[in-house]
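The values are calculated or read from the model by the stated rules, or taken from the named source; none is laboratory data. Quick caveat, the model's predicted, so the values are computed rather than measured. We place every Cβ from the backbone using ideal geometry, glycine too, and count neighbours over all the protein chains shown. The area values use the complete protein model at the heavy-atom level, side chains included, leaving out ligands, DNA and RNA. Shrake-Rupley method; radii C 1.70, N 1.55, O 1.52, S 1.80 Å.
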Amino acid sequence: MNIIKIKDLTFKTFIPEKEILQHVKAVAEEINRDLADKNPLFLAVLNGSFVFAADLLRYITIPCEISFVKLASYQGTISTGEVKEVIGLNEDISGRTVVIVEDIVDTGQTMKRMLETLGTRNPGSLHICTLLLKPEKLQVPLNIEYVAMEIPNDFIVGYGLDYDQQGRQLRDIYTVVEP
């Protein structure tokens with residue numbers, strides 16, 4: 001088990017990269033099967049999903065496109081509950097099959113806001129794909145069709161997820177070690 005320190009917190013390996021990639025590949029295979037004739041637009045939510053989105057797209061074998069949007073709702077380790085759209089979507093999604101690619105869904109508030117925003121642009125369909133889901137923390141009903149892994153309500157870092165903007169580059173996912 002690998003122990004690392006980021007700022008004032010200590011973390012231990014929670015999910016190794018090899019296991020993460022197995023789950024990413026499995027989710028990609030589901031999407032390939034379900035959306036084979038749709039030419040989906042993958043909409044990756046920055047900053048956290050960039051690693052997941054890159055790996056996911058490498059396993060997608062159907063025609064598709066990718067774009068990025070940036071939403072923010074975290075400060076340090078705590079969700080502020082206030083979602084701010086920082087960088088918007090420039091593509092016309094009218095009639096398109098859109099797959100939102102998120103690193104983690106915990107309360108669901110960010111995803112709810114994202115669905116509301118995209119819904120005003122008349123997409124053909126909206127699908128949610130997340131690397132991680134914290135079912136215990138979910139506060140709003142969401143139809144999350146593609147979930148790579150469900151995890152407990154622990155604070156995690158790595159594989160694109162950060163602690164106060166640090167740790168995104170880590171290949172594994174780490175969980176905080178209680179003092």
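Look at Arg168 and say whether it is among the basic types (Lys, Arg), surrounded by 14 or more Cβ atoms within 10 Å (Cβ to Cβ) and in contact with a helix residue (DSSP H, G or I) (Cβ under 9 Å, 6 or more places away or on another chain). Don't jump to the end; show me each part of the working.
Details: among the basic types (Lys, Arg): yes; surrounded by 14 or more Cβ atoms within 10 Å (Cβ to Cβ): yes; in contact with a helix residue (DSSP H, G or I) (Cβ under 9 Å, 6 or more places away or on another chain): yes.
So Arg168 fits the description; yes.
Looking at region 124-131, is at least one residue among the β-branched types (Val, Ile, Thr), out of contact with any Gly (no Cβ under 6 Å at 6 or more places or on another chain) and free of Cβ contacts under 8 Å to residues at least 60 places away in the same chain?
Within region 124-131 (the criterion being among the β-branched types (Val, Ile, Thr), out of contact with any Gly (no Cβ under 6 Å at 6 or more places or on another chain) and free of Cβ contacts under 8 Å to residues at least 60 places away in the same chain), the answer is yes, since at least one residue qualifies.
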Open item on the list: Please go through region 23-52 and give me each residue that is within 30 Å of Gln165 (Cα to Cα), more than 15 Å from the chain's Cα centre (by Cα) and open to solvent by 60 Å² or more (accessible area, probe 1.4 Å), ordered by number.
Closed with: none
